Number of protein chains: 2
Amino acid sequence: MAKLSIPQGTRDFGPDVVRKRNYIFATIRQTFERFGFQPLETPAMENTSTLLGKYGEEGDKLIFKILNNGDILGQAQMAKDSRELGILLCEKSLKYDLTIPFARYVVMNQGKLQLPFKRYQMQPVWRGDKPQRGRYREFYQCDADVVGSNSLLNEIDLLSIYDTVFSSLGLGGYQMKVNNRKVLTGLAELVGRPDLMLDITIAIDKLDKIGDSGVRDELTGRGLLAHEVEQVMAFIALRGSNDEKLDRLAEVFAGSPTGLKGVEELRFILGSGLTQFSSPPEIDLTLARGLNYYTGMIVEVKAPDTVKMGSIGGGGRYDDLTGLFGLPGISGVGISFGVDRIYDVLEELQLFPETAQQGTQVIFLHPGAEKLAEVYGYVTRLRQRGVNAEIYPDDVKQDKQYKYAEKRGVPYIGYVEDNAPGTVFLKNMTGKQRHQLSIEELEAFVF
Amino acid sequence: MAKLSIPQGTRDFGPDVVRKRNYIFATIRQTFERFGFQPLETPAMENTSTLLGKYGEEGDKLIFKILNNGDILGQAQMAKDSRELGILLCEKSLKYDLTIPFARYVVMNQGKLQLPFKRYQMQPVWRGDKPQRGRYREFYQCDADVVGSNSLLNEIDLLSIYDTVFSSLGLGGYQMKVNNRKVLTGLAELVGRPDLMLDITIAIDKLDKIGDSGVRDELTGRGLLAHEVEQVMAFIALRGSNDEKLDRLAEVFAGSPTGLKGVEELRFILGSGLTQFSSPPEIDLTLARGLNYYTGMIVEVKAPDTVKMGSIGGGGRYDDLTGLFGLPGISGVGISFGVDRIYDVLEELQLFPETAQQGTQVIFLHPGAEKLAEVYGYVTRLRQRGVNAEIYPDDVKQDKQYKYAEKRGVPYIGYVEDNAPGTVFLKNMTGKQRHQLSIEELEAFVF
């Protein structure tokens, strides 16, 4: 028999990991609900035609396609190449993100939905990327989006959600970086190369990784003249508080209405004082974010500097996402949480609370046939009052049962003794102390 | 542009449905935890070789296979038929149930797992069945299994879990039917046709659908002689309490050690008095359950008679499931909840509580730029004290905002008025009464 395995880039989650992940999911879910976002779930599969062409040529290749059932040999023989084969043989594919299925849902339900529609979605997605540390072929996305409202209050709500979630998780020192795509357009106009807006943003987005000189080289390579390169470098070298940066930008953008609009938007989002942040967002003029559909504010959250992890969330405003499916003119804004990375950060900083790791609280040793009804009765009562309680099911040597409970890390072992009728013993496995309790005391015992 | 759709047999779940489903999941999850079961999650994809051959020939055809990435045209041209094509082109497939991935997990982690291992798993599975009412191509399974223990206490725990969950859901009048595969073996021995055990069980399992004469025909068609058929019919016609049935079975099984073992097991499970059931399990000698891997107790839960729904859960004891993957000698017992059908039953009987449908509790109307900070402050305070609160993001006509809140079914609308500074109005959308509150009163208001 071949060695058993699971597909590359996928994972089994054992009990401890599921509990900790659920703690993260529950924190995010509760916050989404507090802010009035509503849950949506879409199928794992979408029609292949819904997904193809939405993620660029590279993305198309990474979509997992599902083979049609039935007689497919004939169809297979008609294909000219592997790409065509995939399209011919696979009407369905696994979803690649939550955004396109969301847009598809909005368009399919446009008559019924009340706009603005605020939805959140927490589901797995699948990508045929090369697996590596921190990159999986099956992973969860947790998104919140508002569609059908141009108000910047949505941006403020979404930044507050980040702040609320990361504060609730105890993650002090995380950083929220914001920028605005219109500011980046303004920069390209300022430099006199609006045609190279995308090239410029791609280059400056790499500042963290390749440094000043790297960005210079990249800008030159992408066709900027020397003085244009210097203008860009001066721009991203702007330092100071948010207000200082915005004041300076307002000056340099005197000739760029788009740039000025971006400044005005950022000023409202960051300067309205509508909400207090435990870790206030900072303007980062090099922040570009890869996805081309962003048109307004963009945001990225970075883990505390003490952890080497990079981005643990991001998002922004986009116009016309549903236009892809024939429903133009609907603006949206959304954010996403990188749950796998958040998990790693909380683990590294030991921020998971005890309660997130709580499974079975007490295991009773099997007392032998004669006292079974008595002990099973105690276990039942504990369960009824909300304690997670087990009884070791087999009547084997107590030593074996004891070791079992110990290895599972269950905090209490319960048992009865022949010479102490009507009482129950609880052994605390961490403190090692033993409690002898009457039945009434067991009823009231706090595990 | 082609009309947008989602794949046949899949579903989008909008906010109301997700909330109600989550209520069912949470009830089941909490009960599993109370009984000491631990969560496990396995990937959506398994290696195709892990799944093939585990669900019979029909099952194999219904497995959704995932196309390999990369250059597949050459491989495709080597296939002789559609079946071979699927195997050549698809290393990975979507999981078909939770049981085989669980067995695979146990075998892969046999060194690390403490046995008995009690796990629960609540995840979607995929089957290429022809979609019809109540049958989907993507649906959730909720399973709890114990492996590595022969104790019948596990059976008692699992029946108690059914009882606890359905009681918690308020589903009075559901019926738990139990039987034992060993009793069915005993029946075949009794009739003198142990070779036809499977044929007999398949026939009597259909009693509900095809009636007495249908079962007679089917038994005859499957090769039983007339007097053998009568023996089977007399057997399944046994009436009375569980104890009466078991007493009678003990008599007729005098010559069948396996049959007697089955009776003894049922007697312990049903007669030990270890636990009280709100709806006690009943012995149903026609219950067979399709899956051949069952070897001991089998159970099926039926919705209350007032609802035409059939089985809403089932399970049983199996031996040697992990033997499929080279780890023999491990017994297991498990149950499953049919969440989609439970949903339909609760919906039909209107058993979803208000709290399972609670989304946003209050929407504040946009007060205009001048008072925005004040109202956003109220919303923030409400969120901080656990109320799901929104502010309508756009400064549009109040009439439009009002209708929006009404259509969404939000119970309270909040607003401020120019002539009443420092007070907030809350309009209850069900009772239509209006509360005028000071800020302190808003802080204490129970939504």
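Structure above, values below:
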{"quantity": "Which numbered condition A:Ser331 misses (of (1) in contact with an Asp or Glu (Cβ under 7 Å, 6 or more places away or on another chain); (2) not assigned by TED's automatic domain parsing to the domain that holds A:Val165)", "calculated": "(2)"}
{"quantity": "Top-ranked residue in segment A:1-16 [being more than 7 Å from chain B (Cβ to nearest Cβ) and in contact (Cβ under 8 Å) with a residue 12 or more places away in the chain; ranked as surrounded by the most Cβ atoms within 10 Å (Cβ to Cβ)]", "calculated": "A:Gly9"}
{"quantity": "Candidate set: segment A:140-156, residues that are in contact with a Pro (Cβ under 8 Å, 6 or more places away or on another chain) and not in a strand (DSSP E or B); chosen: the one farthest from the other protein chains (Cβ to nearest Cβ)", "calculated": "A:Gly148"}
{"quantity": "Residues satisfying the stated conditions in segment A:316-339, i.e. touching a residue at least 60 places away in the same chain (Cβ under 8 Å), farther than 22 Å from A:Leu287 by Cα and of a type outside the set (Gly, Ala, Ser)", "calculated": "A:Thr322, A:Leu324, A:Phe325, A:Leu327, A:Ile330"}
{"quantity": "Test: residue in segment B:23-35 that is in contact with an Asp or Glu (Cβ under 9 Å, 6 or more places away or on another chain) and more than 7 Å from chain A (Cβ to nearest Cβ)", "calculated": "no"}
{"quantity": "Check on B:Arg137, within 14 Å of another protein chain (Cβ to nearest Cβ) and either basic (Lys, Arg) or without any contact (Cβ under 8 Å) to a residue 24 or more places away in the chain (or both)", "calculated": "yes"}
{"quantity": "Residue in segment B:168-187 that is out of contact with any Gly (no Cβ under 9 Å at 6 or more places or on another chain), at pLDDT 95 or above, buried (at least 21 other Cβ atoms within 10 Å of the Cβ) and within 14 Å of chain A (Cβ to nearest Cβ) present", "calculated": "no"}
{"quantity": "Test result for A:Arg239, of a type in the set (Lys, Arg) and not in a helix (DSSP H, G or I)", "calculated": "yes"}
{"quantity": "Residue ID - nearest to A:Phe352 (Cα to Cα), chosen from residues in segment A:203-223 that are surrounded by fewer than 13 Cβ atoms within 10 Å (Cβ to Cβ), free of Cβ contacts under 8 Å to residues at least 12 places away in the same chain and among the small types (Gly, Ala, Ser)", "calculated": "A:Gly211"}
{"quantity": "Options A:Val146, A:Val107: the member that is of a type outside the set (Lys, Arg), crowded, with 23+ Cβ neighbours inside 10 Å and at negative phi", "calculated": "A:Val146"}
{"quantity": "Residue within segment B:244-255 that is under 15 Å from B:Asp157 (Cα atoms) and in contact (Cβ under 8 Å) with a residue 12 or more places away in the chain present", "calculated": "no"}
{"quantity": "Counted residues, segment B:149-158 - those being surrounded by 24 or more Cβ atoms within 10 Å (Cβ to Cβ) and touching a helix residue (DSSP H, G or I) at 6+ places or on another chain (Cβ under 6 Å)", "calculated": "1"}
{"quantity": "Count of segment B:322-347 residues which are under 22 Å from B:Gly148 (Cα atoms), within 14 Å of another protein chain (Cβ to nearest Cβ) and either touching a Gly at 6+ places or on another chain (Cβ under 8 Å) or not small (Gly, Ala, Ser) (or both)", "calculated": "11"}
{"quantity": "First in segment A:49-62 and among the basic types (Lys, Arg), second anywhere and in a helix (DSSP H, G or I), Cβ under 6 Å, 6 or more apart", "calculated": "A:Lys54/A:Ile100"}
{"quantity": "Test set (1) touching a Gly at 6+ places or on another chain (Cβ under 9 Å); (2) at the interface with another protein chain (Cβ under 9 Å from one of its Cβ atoms); (3) in contact (Cβ under 8 Å) with a residue 40 or more places away in the chain - B:Pro124 fails condition number", "calculated": "(1)"}
{"quantity": "Residue match in segment B:267-278 (condition: within 23 Å of B:Glu58 (Cα to Cα), surrounded by 15 or more Cβ atoms within 10 Å (Cβ to Cβ), within 14 Å of chain A (Cβ to nearest Cβ) and among the hydroxyl-bearing types (Ser, Thr, Tyr))", "calculated": "no"}
{"quantity": "Selection within segment B:110-135 - over 25 Å from B:Phe35 (Cα atoms), touching an Asp or Glu at 6+ places or on another chain (Cβ under 9 Å) and crowded, with 16+ Cβ neighbours inside 10 Å", "calculated": "B:Trp126, B:Arg127"}
{"quantity": "Residue satisfying all of: in segment A:98-121; without any contact (Cβ under 8 Å) to a residue 24 or more places away in the chain and among the polar types (S, T, N, Q); nearest to the other protein chains (Cβ to nearest Cβ) among these", "calculated": "A:Gln114"}
{"quantity": "Selection within segment A:106-139 - under 30 Å from A:Leu73 (Cα atoms) and outside any strand (DSSP E or B)", "calculated": "A:Arg127, A:Gly128, A:Asp129, A:Lys130, A:Arg137"}
{"quantity": "Residue list for segment B:254-272, restricted to those being farther than 17 Å from B:Thr295 by Cβ and in a loop (DSSP other than H, G, I, E, B)", "calculated": "B:Ala254, B:Gly255, B:Ser272"}
{"quantity": "Residue among B:Leu67, B:Leu73, B:Leu85 that is facing another protein chain (nearest Cβ under 9 Å), touching a Cys at 6+ places or on another chain (Cβ under 6 Å) and without any contact (Cβ under 8 Å) to a residue 40 or more places away in the chain", "calculated": "B:Leu67"}
{"quantity": "Yes/no for B:Lys80 being farther than 15 Å from B:Pro43 by Cα, within 9 Å of chain A (Cβ to nearest Cβ) and surrounded by fewer than 21 Cβ atoms within 10 Å (Cβ to Cβ)", "calculated": "yes"}
{"quantity": "One residue from B:Ile200, B:Ile161 being over 17 Å from B:Arg317 (Cα atoms), crowded, with 21+ Cβ neighbours inside 10 Å and touching a residue at least 24 places away in the same chain (Cβ under 8 Å)", "calculated": "B:Ile200"}
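Quick grid of which residues meet (1) among the aliphatic types (A, V, I, L, M); (2) more than 20 Å from B:Lys261 (Cβ to Cβ); (3) out of contact with any helix residue (DSSP H, G or I) (no Cβ under 7 Å at 6 or more places or on another chain):
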position	(1), (2), (3)
B:Ala203	yes, yes, no
B:Lys206	no, yes, no
B:Asp217	no, yes, yes
B:Gly223	no, yes, no
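The values are calculated or read from the model by the stated rules, or taken from the named source; none is laboratory data. Since the model is a prediction, treat every value here as computed from it, not as a measurement. Here the Cβ is made from the backbone with ideal geometry for all residues, glycine too, and neighbour counts use every protein chain on show.
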